[in-house]
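Please read the structure below before turning to the comments.
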Amino acid sequence: MFEYATTAVALTERPVWTVVLLSRPGGNPPEGTGIYRIRGIGDDAFVFRYRVVPIWRLDAHEMRAYLGLAGAPFLVAMRGADEEFVRDLTAEVQADHTLSVRDRADTLALLYLVSAAILGSETARRIFHVDWLIQDPNVQELIAEWEEKGVARGEARGLAQGLAKGLAEGRAKALLESAWSALYRVLELRSFPITSDIRARVDGELSVDRLTAWHDAAVTARTIDDVFRNG
(Lines give C-alpha, C1' and ligand atoms only; values in the text may rest on other atoms or scores of the structure.)
Protein backbone atom coordinates (compact mmCIF):
# COMPACT_ATOMS: atom_id res chain seq x y z
CA MET A 1 0.00 0.00 0.00
CA PHE A 2 2.74 2.41 0.96
CA GLU A 3 4.64 1.68 -2.24
CA TYR A 4 1.59 2.54 -4.34
CA ALA A 5 0.74 5.62 -2.29
CA THR A 6 4.23 7.12 -2.40
CA THR A 7 4.40 6.58 -6.15
CA ALA A 8 0.96 8.14 -6.66
CA VAL A 9 1.81 11.16 -4.52
CA ALA A 10 5.11 11.63 -6.36
CA LEU A 11 3.33 11.57 -9.73
CA THR A 12 0.21 13.61 -8.88
CA GLU A 13 1.28 15.73 -5.88
CA ARG A 14 -2.24 15.19 -4.53
CA PRO A 15 -3.71 13.43 -1.47
CA VAL A 16 -4.09 9.69 -2.04
CA TRP A 17 -6.85 7.25 -1.10
CA THR A 18 -5.74 3.69 -1.72
CA VAL A 19 -7.89 0.64 -2.37
CA VAL A 20 -5.97 -2.62 -1.96
CA LEU A 21 -7.37 -5.78 -3.53
CA LEU A 22 -6.29 -8.96 -1.74
CA SER A 23 -6.29 -11.88 -4.16
CA ARG A 24 -5.08 -14.70 -1.90
CA PRO A 25 -7.17 -16.01 1.02
CA GLY A 26 -5.72 -15.72 4.48
CA GLY A 27 -4.84 -13.32 7.21
CA ASN A 28 -7.19 -10.91 8.91
CA PRO A 29 -7.87 -7.99 6.54
CA PRO A 30 -8.79 -4.78 8.38
CA GLU A 31 -12.35 -3.57 8.14
CA GLY A 32 -13.28 -0.03 7.15
CA THR A 33 -10.89 2.76 6.24
CA GLY A 34 -7.40 2.92 7.73
CA ILE A 35 -4.98 5.83 8.04
CA TYR A 36 -1.19 5.62 7.76
CA ARG A 37 1.09 8.46 8.87
CA ILE A 38 4.82 9.10 8.80
CA ARG A 39 5.83 11.78 11.24
CA GLY A 40 8.05 14.59 10.11
CA ILE A 41 9.54 17.57 11.92
CA GLY A 42 6.66 19.24 13.67
CA ASP A 43 3.98 17.65 11.50
CA ASP A 44 3.07 14.64 9.39
CA ALA A 45 5.46 14.23 6.48
CA PHE A 46 3.18 11.78 4.73
CA VAL A 47 -0.45 10.70 5.22
CA PHE A 48 -2.64 8.40 3.21
CA ARG A 49 -5.90 6.56 3.75
CA TYR A 50 -6.59 3.06 2.57
CA ARG A 51 -9.27 0.39 2.36
CA VAL A 52 -8.53 -3.31 1.98
CA VAL A 53 -10.92 -5.41 -0.13
CA PRO A 54 -10.42 -9.21 0.05
CA ILE A 55 -11.76 -10.07 -3.39
CA TRP A 56 -11.42 -13.78 -2.65
CA ARG A 57 -14.57 -13.40 -0.55
CA LEU A 58 -16.56 -12.37 -3.63
CA ASP A 59 -18.31 -14.84 -5.91
CA ALA A 60 -16.74 -14.90 -9.39
CA HIS A 61 -19.96 -15.97 -11.12
CA GLU A 62 -21.99 -13.17 -9.54
CA MET A 63 -19.35 -10.52 -10.18
CA ARG A 64 -18.82 -11.59 -13.81
CA ALA A 65 -22.03 -9.90 -14.95
CA TYR A 66 -21.42 -6.89 -12.71
CA LEU A 67 -17.82 -6.10 -13.69
CA GLY A 68 -17.87 -7.15 -17.34
CA LEU A 69 -14.69 -7.83 -19.28
CA ALA A 70 -12.94 -4.84 -17.73
CA GLY A 71 -12.79 -6.78 -14.49
CA ALA A 72 -11.98 -10.17 -16.05
CA PRO A 73 -8.48 -10.52 -14.52
CA PHE A 74 -9.86 -9.79 -11.04
CA LEU A 75 -12.51 -12.49 -11.37
CA VAL A 76 -9.79 -15.15 -11.42
CA ALA A 77 -8.95 -14.42 -7.77
CA MET A 78 -12.57 -14.68 -6.61
CA ARG A 79 -14.39 -17.63 -5.08
CA GLY A 80 -15.49 -20.25 -7.63
CA ALA A 81 -13.01 -19.29 -10.38
CA ASP A 82 -11.71 -22.71 -11.41
CA GLU A 83 -9.91 -23.74 -14.60
CA GLU A 84 -13.13 -24.15 -16.59
CA PHE A 85 -14.36 -20.73 -15.49
CA VAL A 86 -11.10 -19.03 -16.50
CA ARG A 87 -11.04 -20.87 -19.83
CA ASP A 88 -14.59 -19.64 -20.62
CA LEU A 89 -13.68 -16.14 -19.46
CA THR A 90 -10.62 -16.08 -21.71
CA ALA A 91 -12.67 -17.24 -24.70
CA GLU A 92 -15.16 -14.45 -24.00
CA VAL A 93 -12.38 -11.86 -24.01
CA GLN A 94 -11.11 -13.22 -27.32
CA ALA A 95 -14.58 -13.10 -28.86
CA ASP A 96 -15.27 -9.50 -27.83
CA HIS A 97 -14.70 -7.38 -30.94
CA THR A 98 -15.21 -4.09 -29.11
CA LEU A 99 -11.67 -4.38 -27.75
CA SER A 100 -8.71 -3.15 -29.74
CA VAL A 101 -5.84 -5.53 -30.49
CA ARG A 102 -3.72 -3.93 -27.77
CA ASP A 103 -6.53 -3.88 -25.18
CA ARG A 104 -7.35 -7.50 -25.93
CA ALA A 105 -3.70 -8.52 -25.62
CA ASP A 106 -3.29 -6.54 -22.38
CA THR A 107 -6.37 -8.18 -20.86
CA LEU A 108 -5.22 -11.66 -21.89
CA ALA A 109 -1.73 -11.03 -20.54
CA LEU A 110 -3.10 -9.88 -17.17
CA LEU A 111 -5.50 -12.84 -17.13
CA TYR A 112 -2.53 -15.15 -17.60
CA LEU A 113 -0.48 -13.54 -14.83
CA VAL A 114 -3.31 -13.67 -12.29
CA SER A 115 -4.21 -17.24 -13.30
CA ALA A 116 -0.60 -18.34 -12.84
CA ALA A 117 -0.49 -16.69 -9.41
CA ILE A 118 -3.82 -18.08 -8.20
CA LEU A 119 -4.29 -21.39 -10.02
CA GLY A 120 -0.64 -22.25 -10.62
CA SER A 121 1.63 -21.93 -13.64
CA GLU A 122 0.79 -25.39 -15.03
CA THR A 123 -2.93 -24.63 -15.07
CA ALA A 124 -2.26 -21.25 -16.66
CA ARG A 125 -0.19 -22.88 -19.41
CA ARG A 126 -3.03 -25.30 -20.15
CA ILE A 127 -5.45 -22.42 -20.58
CA PHE A 128 -3.23 -19.94 -22.40
CA HIS A 129 -0.86 -20.42 -25.28
CA VAL A 130 0.44 -18.14 -27.99
CA ASP A 131 -1.79 -19.71 -30.64
CA TRP A 132 -4.81 -18.30 -28.86
CA LEU A 133 -3.49 -14.83 -29.54
CA ILE A 134 -2.37 -15.74 -33.05
CA GLN A 135 -5.87 -16.96 -34.02
CA ASP A 136 -7.57 -13.79 -32.79
CA PRO A 137 -9.27 -12.16 -35.84
CA ASN A 138 -7.80 -8.76 -35.06
CA VAL A 139 -4.30 -10.21 -34.75
CA GLN A 140 -4.84 -12.11 -38.01
CA GLU A 141 -5.75 -8.78 -39.60
CA LEU A 142 -2.54 -7.32 -38.20
CA ILE A 143 -0.52 -10.24 -39.62
CA ALA A 144 -2.22 -9.74 -43.01
CA GLU A 145 -1.29 -6.06 -42.91
CA TRP A 146 2.34 -6.96 -42.21
CA GLU A 147 2.29 -9.45 -45.10
CA GLU A 148 0.97 -6.76 -47.43
CA LYS A 149 3.98 -4.68 -46.45
CA GLY A 150 6.26 -7.48 -47.59
CA VAL A 151 6.77 -9.35 -44.31
CA ALA A 152 6.87 -13.13 -44.79
CA ARG A 153 4.10 -15.20 -43.23
CA GLY A 154 6.42 -16.91 -40.78
CA GLU A 155 7.99 -13.64 -39.79
CA ALA A 156 4.57 -12.05 -39.33
CA ARG A 157 3.55 -14.87 -36.99
CA GLY A 158 6.83 -14.38 -35.18
CA LEU A 159 6.02 -10.71 -34.71
CA ALA A 160 2.66 -11.65 -33.18
CA GLN A 161 4.37 -14.16 -30.90
CA GLY A 162 6.81 -11.45 -29.94
CA LEU A 163 3.87 -9.21 -29.05
CA ALA A 164 2.58 -11.80 -26.55
CA LYS A 165 6.04 -12.34 -25.07
CA GLY A 166 6.71 -8.62 -24.98
CA LEU A 167 3.55 -7.99 -22.99
CA ALA A 168 4.65 -10.38 -20.25
CA GLU A 169 8.17 -8.94 -20.22
CA GLY A 170 6.77 -5.41 -20.24
CA ARG A 171 4.69 -6.10 -17.14
CA ALA A 172 7.71 -7.52 -15.34
CA LYS A 173 9.68 -4.39 -16.26
CA ALA A 174 6.82 -2.18 -15.05
CA LEU A 175 6.85 -3.93 -11.66
CA LEU A 176 10.59 -3.32 -11.33
CA GLU A 177 10.29 0.32 -12.33
CA SER A 178 7.49 0.81 -9.80
CA ALA A 179 9.58 -0.81 -7.05
CA TRP A 180 12.62 1.35 -7.91
CA SER A 181 10.52 4.52 -7.97
CA ALA A 182 8.79 3.75 -4.67
CA LEU A 183 12.08 3.01 -2.90
CA TYR A 184 13.72 6.22 -4.11
CA ARG A 185 10.64 8.18 -3.08
CA VAL A 186 10.77 6.86 0.50
CA LEU A 187 14.53 7.49 0.72
CA GLU A 188 13.89 11.08 -0.35
CA LEU A 189 11.00 11.51 2.10
CA ARG A 190 13.24 10.25 4.92
CA SER A 191 16.04 12.58 3.75
CA PHE A 192 18.49 9.68 3.42
CA PRO A 193 21.58 10.41 1.28
CA ILE A 194 21.44 8.65 -2.09
CA THR A 195 25.09 8.23 -2.99
CA SER A 196 26.38 6.85 -6.27
CA ASP A 197 27.02 3.51 -4.53
CA ILE A 198 23.45 3.37 -3.21
CA ARG A 199 22.05 4.28 -6.62
CA ALA A 200 24.17 1.61 -8.31
CA ARG A 201 22.99 -0.97 -5.79
CA VAL A 202 19.32 -0.10 -6.22
CA ASP A 203 19.42 0.23 -10.01
CA GLY A 204 21.28 -3.06 -10.30
CA GLU A 205 18.75 -5.00 -8.19
CA LEU A 206 16.32 -7.00 -10.36
CA SER A 207 14.36 -8.69 -7.56
CA VAL A 208 11.05 -6.98 -6.82
CA ASP A 209 10.87 -8.83 -3.49
CA ARG A 210 14.24 -7.45 -2.38
CA LEU A 211 13.41 -3.93 -3.55
CA THR A 212 10.14 -4.16 -1.62
CA ALA A 213 12.01 -5.34 1.50
CA TRP A 214 14.36 -2.35 1.23
CA HIS A 215 11.37 -0.08 0.71
CA ASP A 216 9.64 -1.38 3.85
CA ALA A 217 12.85 -1.09 5.87
CA ALA A 218 13.29 2.51 4.71
CA VAL A 219 9.97 3.50 6.26
CA THR A 220 11.24 2.98 9.82
CA ALA A 221 15.06 2.81 9.44
CA ARG A 222 17.13 5.23 11.50
CA THR A 223 19.99 5.39 9.00
CA ILE A 224 20.59 4.53 5.35
CA ASP A 225 22.74 1.58 6.47
CA ASP A 226 19.74 0.10 8.28
CA VAL A 227 17.79 0.03 5.01
CA PHE A 228 20.24 -2.38 3.38
CA ARG A 229 21.43 -4.19 6.51
CA ASN A 230 19.66 -7.49 5.69
CA GLY A 231 20.66 -7.77 2.07
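The values are calculated or read from the model by the stated rules, or taken from the named source; none is laboratory data. Every value quoted in this text rests on a predicted model; they were computed, and no experiment measured them. For neighbour counting, all protein chains shown are included, and Cβ atoms are generated from backbone atoms with ideal geometry for every residue, glycine included. Quick note on the areas: whole protein, heavy atoms, side chains included, nothing else; ligands and nucleic acids left out. Shrake-Rupley method; radii C 1.70, N 1.55, O 1.52, S 1.80 Å.
So here's what we get for this one:
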quantity: Subset of segment 85-132 that is at pLDDT below 80, assigned to a loop (DSSP other than H, G, I, E, B) and not aromatic (Phe, Trp, Tyr) - its residue that is farthest from Leu22 (Cα to Cα); calculated: His97
quantity: Test for Gly166: is it at pLDDT 60 or above and farther than 19 Å from Thr7 by Cα; calculated: no
quantity: Residues being more than 24 Å from the chain's Cα centre (by Cα) and either in a helix (DSSP H, G or I) or in contact (Cβ under 8 Å) with a residue 24 or more places away in the chain (or both) - total across segment 200-231; calculated: 9
quantity: Residue count for segment 85-116, restricted to those that are under 18 Å from Leu58 (Cα atoms) and open to solvent by 50 Å² or more (accessible area, probe 1.4 Å); calculated: 0
quantity: Single residue of segment 31-46 satisfying the filter (open to solvent by 80 Å² or more (accessible area, probe 1.4 Å) and of a type in the set (A, V, I, L, M, F, W, C)) that is modelled with the highest pLDDT; calculated: Ile35
quantity: Yes/no for Gly26 being at positive phi and modelled with pLDDT under 70; calculated: no
quantity: Selection count where residues are touching a residue at least 24 places away in the same chain (Cβ under 8 Å) and either open to solvent by 70 Å² or more (accessible area, probe 1.4 Å) or out of contact with any strand residue (DSSP E or B) (no Cβ under 7 Å at 6 or more places or on another chain) (or both), scope segment 6-30; calculated: 11
quantity: Residue in segment 51-63 that is among the basic types (Lys, Arg) and either open to solvent by less than 80 Å² (accessible area, probe 1.4 Å) or at pLDDT below 75 (or both) present; calculated: no
quantity: Test: residue in segment 68-84 that is in a helix (DSSP H, G or I), closer than 24 Å to Pro29 by Cβ, open to solvent by less than 60 Å² (accessible area, probe 1.4 Å) and of a type in the set (Gly, Ala, Ser); calculated: yes
